[in-house]
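So the structure is just underneath, and the comments pick up after that.
The values are calculated or read from the model by the stated rules, or taken from the named source; none is laboratory data. All values derive from a computational prediction rather than experimental measurement. Using ideal geometry, Cβ is built from the backbone for each residue, glycine included, and neighbour counts are taken over all protein chains shown. Surface accessibility is based on the protein's heavy atoms, side chains included, excluding ligands, DNA and RNA. Shrake-Rupley method; radii C 1.70, N 1.55, O 1.52, S 1.80 Å.
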Amino acid sequence: MLAAQADALTLFDEVVARNLIVAGESERAISDRIRDLADDLFGTTRHWHKRIIRSGPNTLLPYSDNPPDRMLRDDDIAFADFGPIFADFEADLGRTYVLGDDPVKHRLAADLPVIFDAGRRYFAERPDITGAELHAEIARLARAAGWELGGSGFAGHLVGEFPHEIMDAEKIQSYIAPANTTPMRGKDKAGRVCHWILEIHLADPARGFGGFYEQLLDLG
């Protein structure tokens, strides 16, 4: 999974280097270009979840929504959420990009990795932490920074080999969520250690935008 994440980081670095997320392009067109770039760089054609590029007001929406395609603007904020599969292991990476000079959007983008790192430290320091406890801390960190916690009501999920061998989407124990009172550290049915993705989705509903950041929580 670390190797898969490293490849995903390389992919996203190339997205920036090739200036793929720009004003005047649609979310769908950008998503398709990143898909094609993953194929060119790594021969990756499979993604374990839908490819997401969200911009402007669409950045407030949860993963489950499928908003109409939108054109990016000069002063936009946008995020990418991709789950490419490398050598049968799932990567799950999210990053946020600010196209203009809006200081509030830049502050939100800068706060995302800071809150991620604080959440990771909180997890590392508590051997018996539950999904509910980590979710509460992420929400507290978001409020302290002046944001709301956006998204679908959870702050991450289990991840593993493709197709999922340790995640059951019907079970709350698979999510970093308020209702998950199960300790996060454990093993799957095959005796393998469970690994987690931490998602930070910050929102500023009053201004009409948000941002997103995710990667492995307990590895790397």
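Structure notes:
- Amide H contacts of Asn180 (H built 1.01 Å from N, under 5 Å, at least 5 apart or other chain): Ala132
- Accessible surface computed residue by residue for the chain, with neighbouring protein chains in place and a 1.4 Å probe, gives 46 Å² per residue.
- From phi via Karplus (6.51, -1.76, 1.60), per-residue ³J(HN,Hα) for region 70-77 in Hz, x at Gly/Pro: 10, 7, 6, 10, 4, 9, 7, 10
- GluC sites (Glu not before Pro) within region 105-137, DSSP loop, no more than 12 other Cβ atoms inside 10 Å: Glu125
- Interchain or long-range residues, amide H under 5 Å from Arg70's placed H: Glu27, Arg28
- Helices of the chain meeting both criteria, an alpha-carbon length of 30 angstrom or more along the long axis and an average Kyte-Doolittle score not below -1.0, with helices taken as full DSSP H segments, are 103-124.
- Within a Gaussian network of the chain (alpha carbon springs, distance under 10 Å), most fluctuating of Phe42, Phe79, Phe116: Phe42
- The chain, dipole about Cα centre (Lys/Arg Cβ +1, Asp/Glu Cβ -1), debye to the nearest 20: 400 debye
- 3J(HN,Hα) along region 206-219: 5, 8, x, 7, x, x, 8, 8, 8, 5, 4, 8, 10, 10 Hz, from the Karplus curve 6.51 cos²θ - 1.76 cosθ + 1.60 with θ = phi - 60°, whole Hz, x for Gly and Pro.
- Just the protein heavy atoms count here, and of the accessible area of the chain at 1.4 Å, carbon and sulfur take up 51 percent.
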